[in-house]
Amino acid sequence: MKLGRLNHIGVATTSIADSIVHYREVMGATSISTPFELPEQGVKVCFVDTPTETGLNGTQIELIEPYDDSSPINGFLAKNPAGGQHHVCFEVPDIEEARAEFEAMGKRILGPTRIGAHGTPIFFVHPKDMQGMLTEIMETPKDRYH
Ligand code: CO
């Protein structure tokens, strides 16, 4: 396994609009994407950029709000009504290689490899096999500065 950059922390919220106000007014975020919908994944998504010394390409906060009543994050929000940290996402150079390695280690992978919110292939690994953290593995975007 070749660990890459911490791409984002997924944060569940009942209202992306309210969360945007929080990140802008309380946390001082200056770069926040326009929210968009991923109906096939059951979520609405918005990215809050954190800066690095060289610009705005630091780890992101990925705000996720349920798309509808069948959203996979409804259960999490039922248990955590205020929302909160839902998953962490690490980059890897090669998604198929990483998947094969996790499988070989006996880690439970949740569903197929699919295209995630950044437009690159991702998969999720079961929190019970990952020190209690739902872990998203994402192929490093070919063009970091999009
Ligand atoms: Co994510």
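The values are calculated or read from the model by the stated rules, or taken from the named source; none is laboratory data. In this text, all values refer to a predicted model and were calculated from it rather than measured experimentally. Neighbour counts are summed over all protein chains in view; Cβ atoms, including those assigned to glycine, are modelled from backbone coordinates with ideal geometry.
For region 4-40, what are the residues that are more than 17 Å from A117 (Cβ to Cβ), among the acidic types (D, E) and surrounded by 12 or more Cβ atoms within 10 Å (Cβ to Cβ)?
If the condition is that a residue be more than 17 Å from A117 (Cβ to Cβ), among the acidic types (D, E) and surrounded by 12 or more Cβ atoms within 10 Å (Cβ to Cβ), then D18 is the only one that fits.
Filter region 2-22 down to the residues that are within 16 Å of the ligand (Cβ to nearest atom) and either part of a strand (DSSP E or B) or out of contact with any Lys or Arg (no Cβ under 8 Å at 6 or more places or on another chain) (or both) and list them by number.
If the condition is that a residue be within 16 Å of the ligand (Cβ to nearest atom) and either part of a strand (DSSP E or B) or out of contact with any Lys or Arg (no Cβ under 8 Å at 6 or more places or on another chain) (or both), then G4, R5, L6, N7, H8, I9, G10, V11, A12, T13, S19 are the ones that fit.
Conditions first: (1) within 15 Å of T135 (Cβ to Cβ); (2) modelled with pLDDT of 95 or more; (3) crowded, with 19+ Cβ neighbours inside 10 Å. G116 passes all but one, so which condition is the exception?
(2)
Mind telling me which of the residues P93, P72 ends up being within 14 Å of the ligand (Cβ to nearest atom) and either under 14 Å from the mean Cα position of the chain (by Cα) or surrounded by fewer than 18 Cβ atoms within 10 Å (Cβ to Cβ) (or both)?
Of the residues listed, the single one that is within 14 Å of the ligand (Cβ to nearest atom) and either under 14 Å from the mean Cα position of the chain (by Cα) or surrounded by fewer than 18 Cβ atoms within 10 Å (Cβ to Cβ) (or both) is P72.
Those residues that are assigned to a loop (DSSP other than H, G, I, E, B) and at pLDDT below 90, I need them from region 52-67; list them, please.
Once the filter is applied, which keeps residues that are assigned to a loop (DSSP other than H, G, I, E, B) and at pLDDT below 90, region 52-67 yields E53, T54, L56, N57, G58.
Of all residues in region 68-118, how many are among the acidic types (D, E) and in a loop (DSSP other than H, G, I, E, B)?
Count: 3.
Residue check, V48 against (1) surrounded by fewer than 12 Cβ atoms within 10 Å (Cβ to Cβ); (2) in a strand (DSSP E or B), all met but one. Which one?
(1)
Please state which one of G58, G106, G83 is surrounded by fewer than 19 Cβ atoms within 10 Å (Cβ to Cβ), touching a helix residue (DSSP H, G or I) at 6+ places or on another chain (Cβ under 8 Å) and small (G, A, S).
Result: G106 is the single residue among G58, G106, G83 that is surrounded by fewer than 19 Cβ atoms within 10 Å (Cβ to Cβ), touching a helix residue (DSSP H, G or I) at 6+ places or on another chain (Cβ under 8 Å) and small (G, A, S).
What about G58, is it away from the ligand (no atom under 13 Å from the Cβ) and under 17 Å from the mean Cα position of the chain (by Cα)?
yes
I'd like the residue in region 116-145 that is in contact with a helix residue (DSSP H, G or I) (Cβ under 9 Å, 6 or more places away or on another chain) and more than 18 Å from K2 (Cα to Cα) and, out of all such residues, is farthest from the ligand (Cβ to nearest atom).
Among residues in region 116-145 that are in contact with a helix residue (DSSP H, G or I) (Cβ under 9 Å, 6 or more places away or on another chain) and more than 18 Å from K2 (Cα to Cα), the one farthest from the ligand (Cβ to nearest atom) is M133.
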